[in-house]
Amino acid sequence: MRALLLVRHAHARTNAEDAISSTPPGAGLTSRGVEEAAALREELAGRVIDLGVATRLSRTQETLDLALEGRDAPRIVAPLLDEIGFGAFEGGPLERYRTWAWSHPPEAPCPGGGESRAEAASRYAAGLEELLGRPEDVVLAVSHSLAVRYALDASDGSFPAARVTPVAHASLHELTADAVARAAETLRAWAGAPRFADAPRRD
């Protein structure tokens, strides 16, 4: 892989409901999300894309399908880039999860069998390494807010913060292979001895 085009999925029905969803397949896109994915397709017009990647969640797959509409680029599913496992918070309001997350350390797993943020970071690192090993030059990967934020911040060596800066829906972020490798290395290092950065990144 030479370049990674990393995108958060377009606006989904769970976003409209302010609910969280990490169990596949989950809800799909809203009409607003469909428009955002179509706008992404226009933004990508004229660019070569050799591979499309989505997670097991419908909202990423629908975003990818709309963004690559009219292209014959192959598409795969990468479970390692799935949403963080929310455990007992699954299906509930986002604010409830945030209240818990902001008051617990990164190695604390979500109650009810969910993931810790350190575990998610380690998984995201493995997902990025998996993409780096692909033979295709340019990869478009549609994932989730936390995964995209962690990857973007780690691409310049920054560790995750407890309160992360949200990533806009269907926004395009391009990383070189070197930046992806740095992100994977940084996330692995942080997951091994997790401690939140003092403040979130501002994009």
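The values are calculated or read from the model by the stated rules, or taken from the named source; none is laboratory data. Remember, predicted model here, so these are calculated numbers, not experimental data. All Cβ positions, even for glycine, are placed from backbone atoms using ideal geometry, and neighbour counts span all protein chains on display. Ligands, DNA and RNA are excluded from the accessible area calculation, which covers all protein heavy atoms including side chains. Shrake-Rupley method; radii C 1.70, N 1.55, O 1.52, S 1.80 Å.
The figures follow:
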read-out: The chain: calculated mean residue ellipticity at 222 nm from DSSP helix runs of at least 4, using -39500 (n - 2.57); value: -11500 deg cm²/dmol
read-out: Mean accessible surface per residue for the chain, computed with a 1.4 Å probe while every protein chain stays in place, in Å²; value: 44 Å²
read-out: Beta bridges by DSSP in the chain, antiparallel share as percent, to the nearest 5; value: 35 percent
read-out: Principal semi-axes in Å for the range 49-203 [√(5λ), Cα gyration tensor, largest first]; value: 26, 18, 13
read-out: The range 1-97: projected area of the alpha-carbon convex hull, averaged over directions, in nm²; value: 6.5 nm²
read-out: Convex hull volume of the range 53-121 per residue (C-alpha atoms, cubic angstrom); value: 94 Å³
read-out: Farthest toward positive dipole pole in the chain [+1 Lys/Arg, -1 Asp/Glu at C-beta], among H9, V48, V34; value: H9
read-out: Solvent exposure ordering (accessible area, 1.4 Å, most first) of R163, R98; value: R163, R98
read-out: More than 17 angstrom apart: percent of Cα pairs within the range 1-43; value: 41 percent
read-out: The chain: DSSP helices with Cα axial extent of at least 15 Å and average Kyte-Doolittle hydropathy no lower than -1.0; value: 31-44, 117-132, 177-192
read-out: Segment E107-A38, extension gain: residue separation times 0.36 nm, minus the distance between their alpha carbons; value: 21.0 nm
read-out: About the Cα centre, charge dipole magnitude for the range 7-90 (Lys/Arg +1, Asp/Glu -1 at Cβ), debye; value: 100 debye
read-out: R98-R2 pseudo-label distance in nm [points 7 Å out on the Cα-to-Cβ vector]; value: 4.0 nm
read-out: Net lengthening on full extension, D178/S158 (0.36 nm per residue, minus Cα-Cα); value: 5.7 nm
read-out: Where only C-alpha atoms are counted, convex hull volume of the range 96-144 per residue in Å³; value: 92 Å³
read-out: Residues V138 and D18, FRET efficiency given R0 of 35 Å [Cβ-Cβ distance, rounded to 0.05]; value: 0.55
read-out: Pairwise FRET efficiency - A197 versus R75, Cβ, R0 = 30 Å, nearest 0.05; value: 0.30
read-out: Electrostatic dipole magnitude of the chain [Cβ: Lys, Arg +1; Asp, Glu -1; Cα centre; debye, to 20]; value: 360 debye
read-out: For the range 158-200, with +1 on Lys and Arg beta carbons and -1 on Asp and Glu, the positive-most of A197, V167, T186 along the dipole; value: A197
read-out: Rounded accessible area of H104 (nearest 10 Å², 1.4 Å probe); value: 70 Å²
read-out: At most 14 other Cβ within 10 Å, DSSP loop - GluC sites (Glu not before Pro), the range 94-203; value: E107
